[in-house]
Amino acid sequence: MRGCGISGKEEAAPQQVAEDKFVFDLPDYENINHVVVFMLGTVPFPEGMGGSVYFCYPDQSGMAVWQLLGFVTNEKPSAIFKISGLKSGKGSQHPFGAMNLPQTPTVAQIGISVELLENLAQQTPVANAAVSSVDSFTEFTQKMLDNFYNFASSFAVTQAQMTPNPSEAFIPANVVLKWYENFQRRLTQNPLFWKT
């Protein structure tokens, strides 16, 4: 239903902690500058609902500090949040109650609380979380494409270097390059083409 991504790391897996609340663990959060929160496109929010996005980190005494980053909705299904400047400062009101963070000082969390859109409009995110727009979504997609292409290309071998292995399938590198170029072209023409 919802996802959370960190550049250069595996996508964080959601944990449902209440009927309307989800958290994503962020190991080694002190080395993370931005997080991407997005709807997977499989299950939309119920009519009139959206998701408040919170960042939670342990303070020096190990207590959880929750800060409102912003929100995602069916109309705004993704956002990039800068968390690097938030790792010190005051917390804000949050709907997660007395949830406990993992006892590791290097683990933080992103929390998503499903709430009424009218309540989302009345909330004030922390100033320096700087929610991005569709352009940042396009930029994220471009970076993801670059990462995929570079990763796949790193395994490229010539036909002379290939060793026969009947249980393994090989995809020619030029096929990946063609897909990459087509996807980039379509993304440039219409950043939301993938929704159709």
Report summary line: From the Cα centre of segment 146-190 to that of segment 13-69, the distance in Å is 33 Å
Query raised in the report: In whole Å, what are the Cα extents of segment 132-196 along the three principal axes, biggest one first?
Result: 47, 21, 18
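Between GLN16 and ASN74, 0.36 nm times their residue separation minus their Cα-Cα distance comes to what?
Taking 0.36 nm per residue and subtracting the Cα distance, the gain is 18.9 nm.
Throughout, read-outs are computed from the coordinates displayed, never taken from laboratory work. It should be emphasised that the depicted structure is a prediction, and the values quoted were computed from it without experimental measurement.
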